[in-house]
Amino acid sequence: MKITEKDVRYVADLANLKLTDAEIAGLAKDLDDILTHMDALNELDTSNVEPMAQVLFDNEETATLREDQQRPCLSNEAALAAAPLAGNGYYKVPKVIER
Amino acid sequence: MSALASSVASLTIPQLRQGLEQRRFSAVELAQSALEFAQAENPKTNAYLHFCPERALAAAERVDRQLAAGEDPGPLAGVPIAVKDVIVTEGVRTTCGSRLLERYVPPYDATAVRRMEQAGGIILGKTNCDEFAMGSSNENSAFGPVRNPAALDRVPGGSSGGSAAAVAQGMAVVALGSDTGGSVRQPASFCGVVGVTPTYGRVSRYGLVAFASSLDHIGPFGRTVRDAALLLQTIAGRDECDATSAFAPVPDYVAQLDGNVAGRRIGLPREYFEGLASETGDLVMRGVELLKKLGCEVREISLPATRFAVPCYYIIATAEASSNLARYDGVRYTTRATADTLSDLYRATRGAGFGAECKRRIMLGTYVLSHGYYDAYYLKAQKVRALIAEDFRKAFTEVDAIVTPVSPSPAFKIGEKIDDPLEMYLSDIYTITGDLAGIPCMSVPCGKTAADLPVGMQILTRHFDETGMFRLADAFEKAGGFTG
């Protein structure tokens with residue numbers, strides 16, 4: 001076993017996912033199967049291969065830049081319209097800093 | 001149901017155009033009929049999640065006004081279109097097939113959506129898909145699976161299963177899907193329609209809800225190659241809202257559908273024809289014979305890194321997904337679980353909101369990016385990706401196009417593979433390579449099995465050679481009559 005339930009709990013914590021015990025047991029098995037399959041990559045010698053981070057970009061580095069001009073954008077109201085809780089033009093969340 | 005409503009199911013874009021110009025029907029009549037037909041038919045397959053009749057009729061009225069004024073309403077004038085529900089539409093709910101976004105109404109339009117409407121297109125509604133486009137069967141939608149119109153007990157493929165089914169069932173003339181590892185081509189193949197994944201960067205992803213950003217594409221579905229090419233033509237091209245969209249000029253694809261494919265060099269990669277279901281293999285080989293009759297030169301080639309594609313893809317795609325899906329944390333997007341602390345709010349919202357496959361991929365992606373594993377998995381996969389892309393680069397010095405199956409087998413039964421995620425991932429083998437390399441690829445119907453299940457043939461060409469790809473597919477379609 002590459003992946004134990006303890007590993008799953010650790011990764012779920014990193015991913016901000018609350019999981020049930022049943023989900024944790026199931027994921028330990030699934031991730032173990034999948035990661036074992038992924039070990040096939042180690043058969044390939046890639047010591048002289050450059051990693052491919054993006055597909056293609058044939059233009060100069062500055063090609064996507066534009067003049068920094070003011071232009072219309074979403075209103076505060078529109079941007080917050082989907083918020084589960086908003087107020088005074090901001091997203092509202094439970095208190096983070098204790099006074 | 002009106003005669004127009006039932007004929008919408010089989011019309012093509014040029015036929016619609018002719019009908020509008022000859023005043024046989026107005027764009028509004030057409031939109032009403034198309035909506036009437038789609039709403040009546042939809043319960044059979046669950047392809048649409050919701051319709052947007054007000055928006056459709058407003059767009060149709062614009063087209064009618066332009067026609068009355070003698071103006072050109074654009075190449076998609078009056079064309080009924082379905083849009084996968086991972087592509088945002090201003091004022092029209094966009095759920096991504098997820099409980100988390102069940103009530104999300106975006107404040108803007110995706111560039112592809114905007115361009116279609118500017119070209120006179122009529123968006124009828126939003127189509128079902130696997131949650132956040134993660135899946136190969138459309139069974140991972142929070143709003144129920146889609147049924148394959150060709151066989152209602154089978155999956156339509158995924159993740160753009162709703163868009164493929166809508167076009168196959170005649171509930172839209174063309175549709176938009178998205179493809180990260182085969183999510184346009186595989187459902188196109190399963191449902192018997194044309195599905196296109198253009199070159200990476202060819203279509204702006206502004207407004208496509210991100211899954212794996214180095215792999216995501218928007219792509220068109222149609223019942224004919226010409227319709228799919230025309231739709232791509234309309235949405236392709238540089239968009240300053242997407243820095244990854246390509247500057248390359250967009251050729252007139254449709255004008256070059258001249259049927260002249262004699263002398264085209266076609267490569268058959270031997271790695272793709274091993275381990276195929278026999279009927280699928282036979283049908284694709286029958287398609288290859290037809291290409292030979294059209295004058296193509298067919299030769300065997302090798303893409304040796306193919307067998308590493310599945311692990312490579314599922315490392316890169318899940319890593320990027322785990323990052324892209326971090327934003328659904330209960331703060332900005334409609335759904336929030338009750339919790340006392342911010343940290344618990346994130347965790348509870350995500351734990352309750354995401355379905356099983358999204359959780360699996362977020363976990364896998366987080367694992368392969370985590371401290372101590374990054375080099376072994378993510379960096380390694382990026383290097384293997386370079387080898388896969390290099391295989392294609394070399395192959396395209398010898399051939400002009402590559403022809404392969406789309407999927408190892410035709411549409412499977414609903415529920416058949418849902419308990420074995422690895423098995424499901426392995427069935428993506430023939431489609432993920434094109435996404436990893438970023439080259440254009442498409443599925444074109446190439447016949448049906450004895451059980452009457454559609455099978456697609458995949459055509460892949462060089463970066464930005466959609467023209468060559470469409471020309472080949474169009475000649476094939478006309479010679480074989482396999483579409484429909």
| If you check A:ALA22 against the conditions, is it more than 9 Å from chain B (Cβ to nearest Cβ) and of a type outside the set (Phe, Trp, Tyr)? | yes
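Looking at region A:38-57 only, could you name the residues that are within 7 Å of another protein chain (Cβ to nearest Cβ), surrounded by 14 or more Cβ atoms within 10 Å (Cβ to Cβ) and either aromatic (Phe, Trp, Tyr) or within 22 Å of B:ASP216 (Cβ to Cβ) (or both)?
Within region A:38-57, A:MET38, A:PRO51, A:MET52, A:VAL55, A:LEU56 qualify.
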| query | Mind checking whether some residue in region B:250-264 is in contact with a strand residue (DSSP E or B) (Cβ under 9 Å, 6 or more places away or on another chain), among the basic types (Lys, Arg) and either modelled with pLDDT under 95 or assigned to a helix (DSSP H, G or I) (or both)? | reply | no
| request: Would you be able to say whether some residue in region B:310-318 is at pLDDT 95 or above and in contact with a Lys or Arg (Cβ under 6 Å, 6 or more places away or on another chain)? | output: yes
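So how many residues does region A:2-19 have that are more than 17 Å from B:ARG350 (Cβ to Cβ) and either facing another protein chain (nearest Cβ under 7 Å) or in a helix (DSSP H, G or I) (or both)?
3
Among the residues of region B:401-420, are any farther than 20 Å from B:ILE459 by Cβ, within 13 Å of chain A (Cβ to nearest Cβ) and not hydrophobic (A, V, I, L, M, F, W, C)?
So far as region B:401-420 goes, yes, one or more of its residues are farther than 20 Å from B:ILE459 by Cβ, within 13 Å of chain A (Cβ to nearest Cβ) and not hydrophobic (A, V, I, L, M, F, W, C).
Among the listed residues B:ILE388, B:ILE418, identify the single one that is under 30 Å from B:LYS448 (Cβ atoms), surrounded by 17 or more Cβ atoms within 10 Å (Cβ to Cβ) and touching a residue at least 40 places away in the same chain (Cβ under 8 Å).
Of B:ILE388, B:ILE418, the one residue that is under 30 Å from B:LYS448 (Cβ atoms), surrounded by 17 or more Cβ atoms within 10 Å (Cβ to Cβ) and touching a residue at least 40 places away in the same chain (Cβ under 8 Å) is B:ILE418.
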| task | Kindly check whether there is at least one residue in region A:58-75 that is within 10 Å of another protein chain (Cβ to nearest Cβ), surrounded by 13 or more Cβ atoms within 10 Å (Cβ to Cβ), part of a loop (DSSP other than H, G, I, E, B) and of a type outside the set (Gly, Ala, Ser). | result | yes
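Can you tell me which of B:THR338, B:THR334, B:THR349 is free of Cβ contacts under 8 Å to residues at least 24 places away in the same chain and more than 18 Å from A:LYS2 (Cβ to Cβ)?
Just one listed residue meets the conditions, B:THR338.
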| message | Please go through region B:73-108 and give me each residue that is in contact with a Ser or Thr (Cβ under 7 Å, 6 or more places away or on another chain), assigned to a loop (DSSP other than H, G, I, E, B) and within 12 Å of chain A (Cβ to nearest Cβ), ordered by number. | response | B:VAL88, B:GLU102, B:ARG103, B:TYR104, B:PRO106
| message | For region B:343-362, check the following and say yes or no: at least one residue is more than 9 Å from chain A (Cβ to nearest Cβ) and over 27 Å from B:ASN138 (Cβ atoms). | response | no
| task | Would you check which residues across region A:78-99 are facing chain B (nearest Cβ under 9 Å) and either assigned to a helix (DSSP H, G or I) or loosely packed, with under 11 Cβ neighbours inside 10 Å (or both) and list them? | result | A:ALA78, A:ALA79, A:LEU80, A:LYS95, A:VAL96
| said: Please go through (1) among the charged types (D, E, K, R); (2) surrounded by 19 or more Cβ atoms within 10 Å (Cβ to Cβ); (3) touching a helix residue (DSSP H, G or I) at 6+ places or on another chain (Cβ under 8 Å) for B:ARG99 and return the number of the only condition it doesn't satisfy. | reply: (2)
| task | Look at A:LEU35 and say whether it is within 9 Å of chain B (Cβ to nearest Cβ), touching a residue at least 12 places away in the same chain (Cβ under 8 Å), touching an Asp or Glu at 6+ places or on another chain (Cβ under 9 Å) and not polar (S, T, N, Q). | result | no
| What are the residues in region B:21-51 that are of a type in the set (A, V, I, L, M, F, W, C) and closer than 23 Å to B:PRO220 by Cα, if any? | B:ALA27, B:LEU30, B:ALA31, B:ALA34, B:LEU35, B:PHE37, B:ALA38, B:ALA47, B:LEU49, B:PHE51
| Enumeration of residues in region B:2-15 that are at pLDDT 95 or above and either of a type in the set (A, V, I, L, M) or touching a Leu at 6+ places or on another chain (Cβ under 7 Å) (or both) | B:ILE13
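The values are calculated or read from the model by the stated rules, or taken from the named source; none is laboratory data. Note that the structure is a prediction, hence the values are computed from the model and not measured. Positions of Cβ are generated from backbone atoms using ideal geometry, with glycine treated the same way; all protein chains shown enter the neighbour counts.
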